[in-house]
Amino acid sequence: MKQLFQIYPPILFAFGLLLACESDIDDSMTDDYDDDGLDSTVVMGDRTVTIEQVNGPYSNSISAFCIDPDGNLFVANGGLLYRQYAQDGIWLLLQDYREIYSMLAIPNGAILVGSERGIELSNDQGDSWLVVSQVEGRVNSFLLLDEQTILAIVTYPGSNSTPTEFLKSSDNGVTWVQTTMGTAEVIIENLHQCNDDLYGIADKTVYVSSDQGASWVDLAASYTNPRNIKPRWVACDQQGTVVIAERYNVLRKGQDNWELIGTLPQEITHLAVDPNGKILVFTHEGVYQEDPELAFKKIHYNLYDKKINVAAFIQGKWYAGVEDQGLWITEDVYNRWHQIGTPMSLRAFGADQNGYLYALSDMEPKGLFSSRDRGFSWDLIYADGIRDFKIMDDKLLIMVDRNELLVSTNLGASWNTAGKPEGYLSHFYIEGANGKLYSTANNLIYEGTSDGSAWNLLVATDFSITSLHVLENNTLVAGSGYGVLKSDDLGQTWDSLFTIEAETYISINQSGEYLATVSKNGVVISDQQGENWKLVAITEGYNLNYPFTDHQNRIWIVGYNPEIGEFVTLVSLDGGHQFDYVTYDNFTNPFALYFSNNVKSSKVYAITGYEGLWEIVSVD
């Protein structure tokens, strides 16, 4: 239990003055509040909350990934390592920050990573790591030669004279020995295994080894006048013939020289072979497949014209690491790719009755994303500036920057105009007790039909509105910069229920009692008439957000203190009469969790600015 919080006389005096301050709007709103009803002593306890990340790594450049024999996915993202369990889809951030360059899943279930620390081994699915070999260079890639033999390729970026080093392990990565692999004076930048041979990319040629690297032969050695090449990638086609990719060209090894297959319109970033043996070329703007008539045919378009850094076909699915856009997945390269991990900088989110998730991102690509697999993969369903979105029983409603409302009845597959109200709408509110929709814009209140197809200006108030509730009998309750106000005639006249010169958000609990957060001060609660207010939480110096009530009637409040740069989260299990401080048993990021009323499912979700989407599992 935390210590007993007591407001000292100077603080209580200032708080009482604020409560009694009269606003300069109109006389009907300046009823002084008698602060004798506020108890100066508030007891707050502690609650431990268990949360689970459900979206995976946020959008960033993926440096490496792998899948172990049990189907668990490991992703290195921006210096962080994530694991996603195949059984429950839950993601977990593993260990601390370090740069990771390469990764390999071994048949025995162990995981290897090449990092700034050297070669690391985990035998417990990433829960703990052991540095098994320290290297000065960069472990650029691993190659599994057989069930137990592994080759690690060490390069020295920025050096034009230091040759490639090879480390070899014959015991599933436990011990490593250095071997020249017959290339003491050669800088090999990329290795590929085709059948029983190894192929290595060097500066101006390709080497091949048929004895696991003990000796190497220049593939162009037999050419009398070989073409001058600058290879970047190497692979083998369905006949086992070596294919290389330069910056724009793809060439095949011929009898007498390198033969040009085709030239791509964008820079080539990866070369691969599909399960049917056809060459796939990944570029800055999409994926191309070898075609008998066109040389290469573009087969998909939805990777946002970004560089594809790494790609692989694993357990029946294609995975691609896209620069600044995270990891993507598809069952078939002809089909649409799906993003793994919620996009960065989430501003709003929600969940419908089917359990599908929705997230609104402010970073490129901006727009509204949806997920049908509990956040594992995401699709961009509207790529435009969106101010807010509303999940309704059978449709989605979005508010776009051109002050137009669009509606979708097919989960975002298509959109139709739903209305274009005059004025600038800021965001939606929950449906009113009368079944209509309401929105505000500073001091304006708009009223819309239940389907959002028609809107009109309901009233222009004399105060800025922070939050709004529409009750039965045309009663409005609003939070403002002057406390809590109430209108019994749809906003024509207003009475002050709680007056304070501080940004105030109003909520109504399950019992019909009024609950308000007062920035820089705390949380207050009243009866069903908005009278007899009581102080229930003190958060001096913190700007408090809107009180969020989940489906279990727990109330969550998040605050931020800009002077000290700290967040605080409060939770109440009794409708707002007692609040406790929240600590998270597995979440130490300095960013706070933010909740949303735009959730129709039975789960409780929250977001952070840069760590994506989380699910509240339990409160103890």
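Ignoring any ligand, DNA or RNA, what whole percent of the accessible area of the stretch 478-620 comes from carbon and sulfur when the probe is 1.4 angstrom?
44 percent
More than 16 Å apart: what percent of Cα pairs in the stretch 531-585 qualify?
Beyond 16 Å sits 45 percent of the P(r) for the stretch 531-585.
Report the FRET efficiency, 1/(1 + (r/R0)^6), for N108 and V43, where r is their Cβ-Cβ distance and R0 is 56 Å, rounded to 0.05.
Here the calculated transfer efficiency is 0.55.
How much net charge surrounds T48 when only other residues with a Cβ under 12 Å from its Cβ are counted (Lys, Arg +1; Asp, Glu -1)?
Result for the neighbourhood of T48: -3.
Hey, which of these cross-link pairs are over 25 Å Cα-Cα: K366/K390; K390/K534; K395/K603; K436/K486; K278/K298?
The answer is K390/K534.
Sum up the charges of everything whose Cβ sits under 13 Å from the Cβ of D196, counting Lys and Arg as +1 and Asp and Glu as -1, but leave D196 out.
Computed value for this residue: -3.
Divide the volume of the convex hull of the Cα atoms of the stretch 112-177 by its number of residues and quote the answer in cubic angstrom per residue.
Cα-based convex hull of the stretch 112-177, divided per residue, equals 80 Å³.
In whole Å, what three semi-axes, largest first, describe the equivalent ellipsoid of the stretch 451-579 built from its Cα gyration tensor (square root of 5 times each eigenvalue)?
Values for the stretch 451-579, descending: 25, 17, 15 Å.
Given a cut-off of 17 Å, what percent of all Cα-Cα pairs of the stretch 477-536 lie beyond it?
Tail of the P(r) past 17 Å holds 31 percent of the pairs.
So for the pair K278, S450, with labels modelled 7 Å out along Cα→Cβ, what separation do we get in nm?
Roughly 5.1 nm, to one decimal.
Please work out how much length the chain gains when fully extended from D211 to T50, using 0.36 nm per residue of separation minus the C-alpha to C-alpha distance, in nm with one decimal.
Difference between extended and current length: 52.7 nm.
Measure off 7 Å from each Cα along the Cα-to-Cβ vector at Y97 and E293, then give the distance between these two points in nanometres to one decimal.
5.3 nm
By how many nm would the segment from R347 to N410 grow when fully extended, if each residue of separation counts as 0.36 nm and the alpha-carbon distance is taken off?
That pair, R347 and N410, stretches by 20.4 nm at full extension.
Which distance in nm do the two modelled labels at E259 and E563 give, with both placed 7 Å along the Cα-to-Cβ direction?
Label-label distance for E259 and E563, simple model: 7.7 nm.
For the stretch 129-287, what number results from the quotient of the Cα radius of gyration and 2.2 N^0.38 Å?
The reported ratio for this selection is 1.07.
Just to verify a number: FRET efficiency for R117 and D488, C-beta to C-beta distance, R0 = 56 Å, to 0.05?
Given R0 = 56 Å and the Cβ-Cβ separation, E is 0.25.
How far, in nm, would the chain grow between V617 and D146 when pulled straight, counting 0.36 nm per residue and subtracting the alpha carbon separation?
Extra length available between V617 and D146 comes to 165.3 nm.
The values are calculated or read from the model by the stated rules, or taken from the named source; none is laboratory data. Keep in mind it's a predicted model, so treat the numbers as computed, not measured. Cβ: placed from backbone, ideal geometry, glycine included. Neighbour counts: every protein chain shown. Heavy atoms of the whole protein, side chains included, go into the accessibility calculation; ligands, DNA and RNA do not. Shrake-Rupley method; radii C 1.70, N 1.55, O 1.52, S 1.80 Å.
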